[in-house]
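Report on the following structure.
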Amino acid sequence: MLRDVAVAVGQGVAAFELGVVCEVFGLDRSADSLPGFDFAVCAVDPPPLVCASGFTISPPHGLDRLRSADLVAVPGWHEIDRPPPEPLLEALREAVARGGRVMSVCSGAFVLAAAGLLDGRRATTHWRYAPELAARYPAVRVDPRVLYIDEGSVLTSAGTGAGIDLCLHILREEFGARVANAIARRMVVPAHRDGGQAQYIESPIGERRAGGDIAQVLDWMRERLGEPLPLERTARHFHMSPRTLARRFAAATGSSPHRWLIQQRCELAQRLLEETDDSIEEVARRAGFPDAAGMRTHFTRWRGTSPQRYRRVFRERG
């Protein structure tokens, strides 16, 4: 169970990305019956450190503090041309070797790559840095399209807001949807964006015409997850052809209506598995899957485990 979180910061650390990790893991929310963490900010270089925004910080801990962490986070690494110090790289390798996890936000992926932790793995970073990461570390399978990638012990995310998405993903894995959603609500951010979602969407301004507001379509579909929702039904309700709806949906979300709908149904099934004693068949029905076998296929692909096992492991942790 995730209890101890440390973030490693060097000169030129990006203030926003450091703040993301501090906001998610560093605040005491125990009064709201949410989990708390033994949290530490650890200086890679001798403090004080100058953030990329120009102000200074003086972290109270050094690299020794990383040795106890269940999760070590590396926010944006300002000078990607500067080799990270070997003590930091060794601390990251040790964290993974003892069963911990390491994560990066934005250009922090360069540090994980320098430690050799991304060799042979899929990884992402901000789309601006992706070509450089791929060129410098050819053993890394860089994917610049996605928000974040979970490779088990090593996790990477794109810039700024994608770091929030990855932190919430970790909470969802460790503590379930209720905890992740509650913290997202406190932060006033979307509760869940799929890691495979595109980093940025180039959507023409003219798409927001009458009947073409995809936000309304998403809300309408969310309210009817338990019902059959073929594309033709949704398109007809919003006075569009199926082809037009699919095109506008992809332009606005980076996903197809079918893929988005499966994701939403899996998330609903997860909440029902955590919070109710409904049978697997009833969970499948309430989440809009045709049967338990269909839900098992999609849920296992999404979570890497079956609905039955997910419920059992979640309750054992609880």
**Message:** Looking at (1) in a helix (DSSP H, G or I); (2) modelled with pLDDT of 90 or more; (3) in contact with a helix residue (DSSP H, G or I) (Cβ under 7 Å, 6 or more places away or on another chain), which one does ARG236 not meet, given that it meets all the others?
**Reply:** (3)
**Prompt:** Do any helices (runs of 4 or more DSSP H) lying entirely in region 67-170 carry at least 1 residues that are under 22 Å from ASP38 (Cα atoms), and which ones are they?
**Reply:** 86-97
**Condition check for ARG121: closer than 30 Å to LEU273 by Cβ, modelled with pLDDT of 95 or more and charged (D, E, K, R)** = yes
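Every residue, every condition in (1) surrounded by fewer than 18 Cβ atoms within 10 Å (Cβ to Cβ); (2) not in a helix (DSSP H, G or I), yes or no:
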| residue | (1), (2) |
| --- | --- |
| LEU261 | no, no |
| ALA269 | no, no |
| LEU273 | no, no |
| GLU281 | yes, no |
| PRO290 | yes, yes |
| GLY294 | yes, no |
| PHE299 | no, no |
**Request:** Give just the number: which of (1) over 28 Å from ASP4 (Cβ atoms); (2) modelled with pLDDT of 90 or more; (3) surrounded by 19 or more Cβ atoms within 10 Å (Cβ to Cβ); (4) not acidic (Asp, Glu) does TRP220 not satisfy?
**Result:** (3)
**Asked** If you check GLY36 against the conditions, is it without any contact (Cβ under 8 Å) to a residue 12 or more places away in the chain, in a loop (DSSP other than H, G, I, E, B) and in the same structural domain as GLU174 (by TED's automatic domain parsing)?
**Response** yes
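Which is farther than 26 Å from ASP213 by Cα and aliphatic (A, V, I, L, M), of LEU268, LEU245, LEU272?
Result of the check over LEU268, LEU245, LEU272: LEU272.
Go through PHE25, PHE55 for me and flag whichever is surrounded by fewer than 20 Cβ atoms within 10 Å (Cβ to Cβ) and among the aromatic types (Phe, Trp, Tyr).
Unique residue meeting the criteria: PHE55.
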**Fill in**
Over region 136-186, the set of residues at pLDDT 95 or above and surrounded by fewer than 17 Cβ atoms within 10 Å (Cβ to Cβ) is ARG136, PRO138, ALA139, ARG141, GLU151, SER153
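The values are calculated or read from the model by the stated rules, or taken from the named source; none is laboratory data. Remember, it's a predicted structure, so these values are computed and weren't measured experimentally. Methodologically, a virtual Cβ is constructed for each residue, glycine included, from the backbone with ideal geometry; neighbour enumeration extends over all protein chains shown.
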